[in-house]
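Report on one structure; see the data block that follows.
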Amino acid sequence: MKLGRALLPPLWAFLIAMAAASALILAVGGSPLAVYRLLAAGTWGNGYGIGQVLFKTTPLILTGLSVAVALRGGLFNIGAEGQLTVGAFLTAFVGAHAASLPPVVAIPLALVAGAAGGAFVAAIAGALKAWRGAHEVINTIMLNFIVRALMVGLGARLFEREQIHTAPIALSARLPRLSSWLSALHGSAANASLFLAVAVALFVAWLFARTRIGFRIRAVGLSPAAAAAAGISVPRVQLGTMALSGAIAGLVGANFVLGYKYYYEDGFSGGIGYIGIAVAVLGRARPLGVVLAALVFGTLSQGGLAVNAVVPKEIVDVLTAVIIFAVAAAQPTVRRMLVGKEPAQ
């Protein structure tokens, strides 16, 4: 019964989104059935499509988890975009200077650098929230702009001549492509950072289910006043929660820098830090839900390219937006429907 209730809001949102997308497809003279068939064939219908879906899902898992961790602590991290940017840049910087190190050292060192960069940016907002009461939404939004400005300045000095990217990382810091193990995924950009994203999801699930730290984060998220009365240091937990949230976002660079392009490129994220908010909301801020939601958005992202020959790919962007709005509206709607039915049972 509880599982059914948990699945109703995203199912309701999906049905609304499908209806809206069908209306748009008909409006531009297309066939909804043909478009959906093409979308399925271009994503989960062949090895390359599957690989690309997994590639685009990987960073969304991490940004979704980043936002979800903050939400569980009663905080709203809008700054994953800036945090992942700093994390990816530091990942590339360390990776480019790891030529003399073996992979078993170079890769973890690059990942730690990325996580540290994301944690540092988020911790600024966390500290302002914890000890000055400044709202984390404003802080993280402003930090996105500050990071963007700093990266433009650093790029002028550190990017390759007449390029918008850094020097390539060392061979020892590169992650293998999944196609090296599964030939069916040949040509796709999916890489071993997918396993990192899944491992982080498992870690977050364990953290909240089995540890005192997770309990304290949840307690502060539910009621800061009650948590303080129980002896929990609310400012310390808020700072730690934001730092952890930023560290997870900082790992996003592994997918692009270590596993795909092998350098940091200006504007590489394409807004996935903001899409992570939708992933966390659709996944109800639960690790498993976030992974499934990331798969949905990853499929839609790749699907937009698959259907571009039949209808404008922007229709998939509209579909994504409708899902976000529907999820936000569906939860109270479905809850009222359930409450209204229960007395009659």
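For segment 60-124 versus segment 252-272, the spacing of their alpha-carbon centroids is 11 Å.
With neighbour counts taken as other beta-carbon atoms within 10 Å, the residues ARG37, ARG286 rank, fewest first, as ARG37, ARG286. Which one, SER233, SER245, SER66, has the greatest fluctuation when you compute a Gaussian network model over the chain with C-alpha springs under 10 angstrom? Of SER233, SER245, SER66, the most mobile in the Gaussian network model is SER233.
Placing a label point 7 Å from the Cα of ARG148 along the Cα-to-Cβ direction, the residues of segment 252-295 with a backbone N closer than 17 Å are 265-277. Amide H contacts under 5 Å for LEU175: GLY259, restricted to partners 5 or more places along the chain or on a different chain, H placed in the peptide plane at 1.01 Å from N. For ILE138 and ALA34, a Förster radius of 45 Å and the Cβ-Cβ distance give a FRET efficiency of 0.50, rounded to the nearest 0.05. Over the chain, with a single point scatterer placed on each C-alpha, what log10 of the ratio I(q)/I(0) does the Debye formula yield at q = 0.08, 0.14, 0.15, 0.16 1/Å? Those come out to -0.41, -1.18, -1.30, -1.40, one per q.
Can you bin segment 1-149 into rounded, prolate or oblate? Criterion: square roots of the alpha carbon gyration tensor eigenvalues sorted a ≥ b ≥ c, rounded for a/c under 1.5, prolate for a/b above b/c, oblate for the rest. Oblate, because a/c is 1.5 or more while a/b does not exceed b/c.
Across GLY283, GLY73, GLY29, mean-square fluctuation computed from a Gaussian network of the chain (C-alpha pairs under 10 Å connected) peaks at GLY29.
Averaging Cα coordinates gives a centre for segment 291-329 and one for segment 166-229; these two points are 23 Å apart. The alpha carbon gyration tensor of segment 101-246 gives principal lengths a ≥ b ≥ c with a/c of 1.5 or higher and a/b no greater than b/c, which makes the shape oblate. Share of pairwise Cα-Cα distances greater than 14 Å in segment 177-244 is 67 percent (whole percent). With a Cα-only, solvent-free Debye model of segment 167-209, what are the log10 I(q)/I(0) values at q = 0.21 Å⁻¹? Per q value, in the given order, log10 I(q)/I(0) is -0.77.
Read-outs throughout are calculated quantities, based only on the coordinates presented, and are distinct from any laboratory measurement. Bear in mind the structure is a predicted one, so any value in this text is a computation, not a measurement. Ideal geometry is used to build each Cβ from the backbone, glycine not excepted, and the neighbour counts take in all protein chains shown.
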